[in-house]
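Notes follow once the structure below has been shown.
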Amino acid sequence: MAFKDILKKIFRDTPRGERNYDSIKSFEEQQLDLGAFTYTDNGFTLTYEDFTKTLRWSEITELNVYKKDLMTIDEIRMEIVYGDKQIEISEELPGWYQFVSRTKEIFPSIPKQWDFEIIQPPFATNYKTIYSSADKST
């Protein structure tokens, strides 16, 4: 590959997907925004940059949440486990707030305040499984 092609790849001029932190939307607008998600009665499709995945709610076997220490801030992340695969999303993904809200509706055993409780203490990972299809109480 020629040096100029490498530079073009590094400094591509196609825009990357919008993230919540650089959005011009207010926090209230971000909370209502479906963002990278489209929903059906049975599931959702996540489309972000060059990634698209459609899942039925019934395919989800586990939802794990944790914080990633980014030196000056923490970022909340969620692992969506289905079978032996997983998708990881973060609070910076447009549509995050609606997705969190919908998971609480679809899976009533998810702790309603997990997203507020996970933020303390700062810079601690706080890894937690908030939903498991294997757990009959969840």
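The values are calculated or read from the model by the stated rules, or taken from the named source; none is laboratory data. It should be emphasised that the depicted structure is a prediction, and the values quoted were computed from it without experimental measurement. Backbone-built Cβ (ideal geometry, glycine too); neighbour counts: all protein chains shown.
A residue that is exposed (fewer than 13 other Cβ atoms within 10 Å of the Cβ), at pLDDT 95 or above and of a type in the set (Gly, Ala, Ser) cannot be found anywhere in the stretch 7-26.
Beta carbons closer than 7 Å, at least 6 apart along the sequence or on distinct chains, never pair a first residue in the stretch 50-75 that is of a type in the set (Gly, Ala, Ser) with a second that is at pLDDT below 95. Looking only at residues in the stretch 79-105 that are of a type in the set (Asp, Glu) and more than 15 Å from LYS53 (Cβ to Cβ), the one that is modelled with the highest pLDDT is GLU105.
Of PRO94, PRO111, all but one fail to be surrounded by 13 or more Cβ atoms within 10 Å (Cβ to Cβ), within 26 Å of GLY35 (Cα to Cα) and more than 16 Å from the chain's Cα centre (by Cα); the exception is PRO111.
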